[in-house]
Amino acid sequence: MILNEKIAAQLPAERERYRALAKDHADVVVDEVTVGQIVGGMRDIKSLLTDISYVDPAEGIRFRGMSIPEMLAALPKPDGIDMPYVGGLFYLLLIGEVPTKEQALEVESEWIKRSEVPAYVFDTLRAMPKDTHPMTLFSLAVQSLQTQSEFARRYQEGMKKDEYWEPALEDTLNLTARLPIVAAFIYNLKFKDGMEPKVNPSLDYGANFARMLGVEDQDGYADLARLYFIIHSDHESGNASAHVTHLAASTLSDIYYAFSAGLNALAGPLHGLANQECLDWLLGVRDQFGGVPTKEQLRQYAWDTLESGQVIPGYGHAVLRVPDPRFTAQMKFAKERFPDDTLVQIADMVFEVVPQVLKEQGKAKNPSPNVDAISGTLQYYYGVREFDFYTVLFGVSRALGVTANYVWARALGQPIERPKSVTMKMLEDVVAGK
Ligand code: NMX
Ligand code: MLT
């Protein structure tokens, strides 16, 4: 398979780079740590290693060095379609090169071959109480697939460390092939007729997802699905879902265990769940004012939210200090295709008004929108209105980034992660110069 061959070809040089850093230059100082960073959620401490993507605070995400507009222009697309193959994005993340159309299609066809979801996974989800949150079901389904892990099986048989990446890639392809089907099943089970979805081998990842979800405007939604799965895939490795996945897998837990843990982090309202919360907030604006409010009304609404002790979902970021280019890409998609939609107009006005409100409040370090400020609005337009489901979509996409990182972490032989903790007394002593 092309991905194995390409990774195998890169391995000697990449392992040598890693070895040189780990052994020859281990004592070179990269960063220093302040008390504020220790008590403040480790913000900005340079302590993780990944070549898959990088978030520049003043520019936003680059996937393997490419900005979102560069990447969307360069990746191969289905004939006559605006958005690239998701398989092409996955190739880019794993291999670090823009694939040809044939190479992107090879990844797509690997996914089709591996798309059978064992029946017990559906049965497990059906056995859960009806009011279970879709993210609980999603994490549970991934965990239940662990019985299929090739990595765990080979590890038990005594595989050598040099070989770890091969079953890691095998598990990764199986997992990412099955996630859209599991996600669509959760949607059907919770909100529709409960049918078990099957992929159509003649369709790509995005189009299959649109069909399995049963969205009416399948072509428009397939293009949104491609865009969505591409831009949410990775955000360097310090974000909570990526970091949790990496940490869990650093113990040599397989990717099913590790990604299930990552999904549990994504389910938090300060992380992935913010997209559902944000749509809820926009609908609150629409319902209170019977449509698009005036700027003054919106300003007051935002202040009311802050004064009631809530955050404004979809705004702020731990790293970014400018509008998130993932927000910009989705807003462009919406304005090109459905500019008159009321929620798009409200989201656009929020973008004009809320940053100023947050600046006046003076707490948030970044008053700009993040990816979640608009993503739910686009789903809502296409009729995917059950917003409990939105973080599952985020999870399908995030799997692509964290698994690419996982394969390379095992290929390079990255160690178990284990930072050092200190006590409050120790910090107080440092502050007192003791
Ligand atoms: N609305 C109100 N207050 C905010 C906001 C916001 N959107 N963003 C930050 N703040 C507050 C924050 O709660 C903190 O207050 P306090 O000192 O009382 O604890 C203060 O501003 C400083 O926070 P920052 O250092 O700017 O942000 P931090 O790095 O800690 O957190 C987020 C980043 C994203 C968690 C934060 O901006 C937030 O809660 N935003 C709203 C939720 C959201 O949109 N999350 C999605 C993030 C993207 N994703 O997909 O994961
Ligand atoms: C993400 O995509 O993971 C979010 O923007 C959060 C982050 O980067 O910290």
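The values are calculated or read from the model by the stated rules, or taken from the named source; none is laboratory data. Quantities reported herein were computed from a predicted structural model and do not represent experimental measurements. No Cβ is skipped: glycine too gets one built from the backbone with ideal geometry, and neighbour counts run over all protein chains shown. Each accessible area value is taken on the protein alone, full model and side chains, heavy atoms only, with ligands, DNA and RNA left out. Shrake-Rupley method; radii C 1.70, N 1.55, O 1.52, S 1.80 Å.
Points worth noting:
- Top-ranked residue in region 383-411 [being surrounded by fewer than 19 Cβ atoms within 10 Å (Cβ to Cβ) and either over 19 Å from the mean Cα position of the chain (by Cα) or polar (S, T, N, Q) (or both); ranked as nearest to Y256 (Cα to Cα)]: E386
- Complete set of residues in region 11-47 that are among the aliphatic types (A, V, I, L, M), away from ligand 1 (no atom under 16 Å from the Cβ), open to solvent by less than 90 Å² (accessible area, probe 1.4 Å) and in a loop (DSSP other than H, G, I, E, B): A26, V33
- Yes/no for Q330 being of a type in the set (S, T, N, Q), more than 30 Å from I7 (Cα to Cα), more than 16 Å from ligand 2 (Cβ to nearest atom) and out of contact with any Asp or Glu (no Cβ under 9 Å at 6 or more places or on another chain): no
- Some residue of region 363-375 being within 16 Å of ligand 1 (Cβ to nearest atom), in a helix (DSSP H, G or I) and either of a type in the set (S, T, Y) or surrounded by fewer than 24 Cβ atoms within 10 Å (Cβ to Cβ) (or both): yes
Residues checked against (1) in contact (Cβ under 8 Å) with a residue 40 or more places away in the chain; (2) away from ligand 1 (no atom under 12 Å from the Cβ); (3) open to solvent by 20 Å² or more (accessible area, probe 1.4 Å):
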{"residue": "G309", "(1), (2), (3)": "no, no, yes"}
{"residue": "G316", "(1), (2), (3)": "yes, no, no"}
{"residue": "D324", "(1), (2), (3)": "yes, no, no"}
{"residue": "A334", "(1), (2), (3)": "yes, yes, no"}
{"residue": "R337", "(1), (2), (3)": "yes, yes, yes"}
{"residue": "D341", "(1), (2), (3)": "yes, yes, yes"}
{"residue": "A347", "(1), (2), (3)": "yes, yes, no"}
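- First in region 162-175 and at pLDDT 95 or above, second anywhere and among the small types (G, A, S), Cβ under 6 Å, 6 or more apart: W165/A411; D171/S149
- Screening the candidates H232, H243 for the property of being open to solvent by 10 Å² or more (accessible area, probe 1.4 Å) and either free of Cβ contacts under 8 Å to residues at least 40 places away in the same chain or under 19 Å from the mean Cα position of the chain (by Cα) (or both) yields one hit, H243.
- Filtered by the rule that a residue be open to solvent by 10 Å² or more (accessible area, probe 1.4 Å), within 11 Å of ligand 2 (Cβ to nearest atom) and either at pLDDT below 95 or part of a helix (DSSP H, G or I) (or both), region 246-270 gives A265, L270.
- Subset of region 272-291 that is buried (at least 17 other Cβ atoms within 10 Å of the Cβ) and assigned to a loop (DSSP other than H, G, I, E, B) - its residue that is nearest to ligand 1 (Cβ to nearest atom): G272
- Filter result for G214 (out of contact with any helix residue (DSSP H, G or I) (no Cβ under 9 Å at 6 or more places or on another chain) and surrounded by fewer than 19 Cβ atoms within 10 Å (Cβ to Cβ)): no
- Note on region 94-117: residues that are within 21 Å of the chain's Cα centre (by Cα) and open to solvent by 50 Å² or more (accessible area, probe 1.4 Å) total 2.
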